[in-house]
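Reading through the structure tokens given below for one structure.
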Amino acid sequence: MSDLLHVSVAEALGWVRTRPDALEVGSWRGVEPTLGQVETIPRYDTDWSATGPLMRRLWIGVSPTHHPSPDEWEAYHSPSGATTTADDPLVAVCNLILVLSAAGKIKSERDAR
């Protein structure tokens, strides 16, 4: 698994052969699971348009915690009761996707076909 959060999430969702993009610095590419084509990996950790549809598909919600810090966000998966917190809502969601994947609670996009 990658040290980069968005790449780790992509791998948990079934992306394979992930690697840095040779032409675009900071970008990563991999084989996208639903179409089987090489694509740029979305920035799940910073892009709501990439992560929002995952939240809906995986039944993940996010809300401010108000404790212990008002700047902390909690991502929750109602079906399993799993939660994670982070300083950023998308990071909390990404961390939860990794927790759910490790626990076998979600199917990769490749398996969902």
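Every number in this text was worked out from the coordinates using simple rules, so none of it is lab data. Because the structure is a prediction, the values reported are computed rather than measured.
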> Considering every Cα-Cα pair within the chain, what fraction, in whole percent, is farther apart than 26 Å?
Replying inline: 18 percent
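According to the Cα gyration tensor, what semi-axes, each the square root of 5 times an eigenvalue, does the equivalent ellipsoid of segment 46-109 have, listed from largest to smallest in whole Å? Show your work: numbers first, answer last.
Values: eigenvalues 73, 35, 17 Å².
Rounded to whole Å, the semi-axes are 19, 13, 9.
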>> Suppose a student asked you for the relative contact order of the chain, using Cα pairs under 8 Å spaced at least 6 residues apart; what percent would you report?
In response: 23 percent
> Can you give the helix-only mean residue ellipticity at 222 nm for the chain, where every DSSP H stretch with n ≥ 4 adds -39500 (n - 2.57) and the sum goes over all residues, rounded to the nearest 500 deg cm²/dmol?
Replying inline: -9000 deg cm²/dmol
